Amino acid sequence: MARTTITLSSRNYSSWSLRGWLMAKQSGVPFTEIMVAPDDLDARAEILLLSPSILVPCLEYEGIKIWDTLAIGEFLNEIAPKSGLLPKDRAKRAHCRSISGEMHSGFSALRSALPMNLRARFPNFKVWSKADADIARIATIWNECLRAYGGPFLFGEFSMADAMYAPVATRFVTYDVKLDAACAGYRDRVLAWPAMQEWTDTALEEPEEIEELEVEF
């Protein structure tokens, strides 16, 4: 039996599963996946943002269970400090934690208006004004990091922050969100990241659909 597992819900819809999985992949720690069907009530609540306590993804390592996504990133950085999940420099590390926390707890309008759906495409999608404000803030974060640290990712190399914002990159494609050149380039680099491509390829083969998220906008 593998000493490390990660429990996930839908690859197509679950932004939190994607974040946790990308962190696990970046850590280099070998793990096996446990998939929870989207028709499971807890998984469905998590995907539809109705759960008061998101319990997916859940990382189990040598009997230790971690189910908060930021906690998963912090734990993986502890056991795999060379993985680059958190920058070595203290100031960069604090900045990385700050923008990761902002993603973790904020941007509720964006989450509601633009749910993750890797299979869907909505050209010329009309974004609500509150979600527009979230998009503008994310663009500011991305541009500040790219200017400060030189890219190609938010803190130079792929980090926890990039995993936290990866689902946003998919949303920007799904809903045809217009971005400045620097942000568009960063979005494309995240989507081309090998682990991200692996996740997306598998998501596109996923047979399940959640009716509430398969609506015509």
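With a cut-off of at most 10 other beta carbons within 10 Å, and DSSP calling the residue loop, which trypsin sites (Lys or Arg not before Pro) in region 158-198 qualify? Please list them. The partial results should precede the final answer.
Working: sites: Arg171, Lys178, Arg187, Arg189; in loops: Lys178.
For trypsin sites (Lys or Arg not before Pro) across region 158-198 that sit outside H, G, I, E and B with at most 10 neighbouring Cβ atoms in 10 Å, the list reads Lys178.
Residue by residue through region 56-68, what is 3J(HN,Hα) from phi via Karplus (6.51 cos²θ - 1.76 cosθ + 1.60, θ = phi - 60°)? Round to whole Hz and write x for glycine and proline.
So the J values, rounded to whole Hz, are 10, x, 9, 9, 10, 10, 6, x, 8, 10, 10, 10, 8.
Taking the Cα centre of the chain as the origin and placing charges on Cβ (Lys, Arg +1; Asp, Glu -1), which of Ala24, Asn12, Ile99 is farthest toward the positive end of the dipole?
About the Cα centre, the residue reaching furthest to the positive side is Ile99.
For Phe125 and Glu78, what does the FRET efficiency come to when R0 = 41 Å and r is the distance between their Cβ atoms, rounded to the nearest 0.05? Show your work: numbers first, answer last.
Values: r = 40 Å, r/R0 = 0.98.
So, using R0 = 41 Å, E works out to roughly 0.55.
Of Leu85, Met35, Trp199, which is farthest towards the positive pole of the chain's charge dipole, taken about the Cα centre with +1 and -1 on the beta-carbons of Lys, Arg and Asp, Glu respectively?
The listed residue farthest towards the positive side: Leu85.
Within region 57-77, whose backbone N sits under 16 Å from a point 7 Å along Cα→Cβ of His104?
57-59, 65-77
Quick one: putting +1 on the C-beta of Lys and Arg, -1 on the C-beta of Asp and Glu, what dipole do you get for the chain around its Cα centre, in Debye to the nearest 20?
Working: 23 positive and 30 negative charges, 214 e Å.
Roughly 1020 debye, rounded to the nearest 20.
Could you work out which residue, out of Ala184, Ala136, Ala166, moves most in a Gaussian network model of the chain, that is, has the largest mean-square fluctuation with Cα springs under 10 Å?
Its mean-square fluctuation being the largest, the pick is Ala136.
Pull out the extension gain between Leu204 and Ser112, defined as 0.36 nm times the separation in residues minus the alpha carbon to alpha carbon distance; nm, one decimal.
Working: separation 92, 0.36 × 92 = 33.12 nm, distance 2.20 nm.
Extra length available between Leu204 and Ser112 comes to 30.9 nm.
Checking the table Lys25/Lys92; Lys65/Lys130; Lys25/Lys88; Lys65/Lys178 against a 30 Å threshold on Cα-Cα, which pairs fail?
Working: Lys25/Lys92 22 Å; Lys65/Lys130 36 Å; Lys25/Lys88 19 Å; Lys65/Lys178 39 Å.
Checking Cα-Cα distances, Lys65/Lys130; Lys65/Lys178 exceed 30 Å.
In debye to the nearest 20, how big a dipole does region 90-199 give about its Cα centre with +1 on each Lys and Arg Cβ and -1 on each Asp and Glu Cβ?
On the way: 15 positive and 10 negative charges, 33 e Å.
My answer is approximately 160 debye.
Would you work out which of Phe172, Ala136, Ala120 lies farthest towards the positive end of the dipole of region 90-199? Charges go on Cβ: Lys and Arg +1, Asp and Glu -1.
Value computed over the given set: Ala136.
Grab the DSSP H runs of the chain that are 4 residues or longer, score each as -39,500 (n - 2.57), total them, divide by all residues and round the 222 nm result to the nearest 500 deg cm²/dmol.
Numbers: 9 runs with 112 residues, N = 217.
Helix-only estimate at 222 nm: -16000 deg cm²/dmol.
Relative contact order for region 49-169: what is it in percent, counting Cα pairs under 8 Å that are at least 6 residues apart? Don't skip to the end; give the middle numbers.
On the way: 93 pairs, mean separation 28.6, N = 121.
Taking the mean separation of contacting Cα pairs over the length of region 49-169, I get 24 percent.
So for Lys25, Lys130, fewest C-beta neighbours within 10 Å to most, what's the order?
Ordered by Cβ neighbours within 10 Å, fewest first: Lys130, Lys25.
Specify the residue with the greatest mean-square fluctuation among Pro115, Pro81, Pro207, computed from a Gaussian network of the chain linking alpha-carbon atoms under 10 Å apart.
Pro207
Just so you know, all these numbers are worked out from the coordinates, no wet-lab data involved. The structure presented is a predicted model; accordingly, all values stated were derived computationally and were not measured. Neighbour counts are summed over all protein chains in view; Cβ atoms, including those assigned to glycine, are modelled from backbone coordinates with ideal geometry.
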